[in-house]
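The values are calculated or read from the model by the stated rules, or taken from the named source; none is laboratory data. Worth saying up front: this structure is predicted, and the values here are computed from it rather than measured. A quick note on method: Cβ atoms are made from the backbone with ideal geometry, for glycine too, and the neighbour counts reach across all protein chains shown. Quick note on the areas: whole protein, heavy atoms, side chains included, nothing else; ligands and nucleic acids left out. Shrake-Rupley method; radii C 1.70, N 1.55, O 1.52, S 1.80 Å.
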Amino acid sequence: MKTLEVNVFGVVQGVGFRWFAQQAAQKNNVVGWVRNRKDGSVTIQAQGTEENMANFLTTIKKGPGFYSRVDDVEIESIAPFESNVFAIRY
């Protein structure tokens, strides 16, 4: 199991990025949450198998397209947590 905090920078608010992240997580059997930050970035805490997390991160780094743009992604390992869903936090 791999547990990460992912901070995504660029044009990632107001473009459906949180919904996109939730869909990517569900597709890849990843649990956790996503939320907007005051600085315009998005934070994700996610947990899944090594392979599922790799696929999830590849999708996140591309972004949803359209009006979004991912400029940078910072990834840090964090302590495992209990969850059985991937939620959008406000």
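Return the total of residues in segment 47-72 being of a type outside the set (Ser, Thr, Tyr), touching a residue at least 12 places away in the same chain (Cβ under 8 Å) and within 18 Å of Val30 (Cα to Cα).
Here the count works out to 12.
Of all residues being aliphatic (A, V, I, L, M) and open to solvent by less than 50 Å² (accessible area, probe 1.4 Å) in segment 62-90, which is farthest from the chain's Cα centre (by Cα)? Just the residue, please.
My answer is Ile78.
Within segment 33-43, identify whether any single residue is closer than 20 Å to Arg89 by Cβ and assigned to a helix (DSSP H, G or I), and answer yes or no.
Checked segment 33-43: no residue is closer than 20 Å to Arg89 by Cβ and assigned to a helix (DSSP H, G or I).
So, in segment 27-45, of the ones that are over 21 Å from Glu82 (Cα atoms) and basic (Lys, Arg), which residue ends up farthest from the chain's Cα centre (by Cα)?
Lys38
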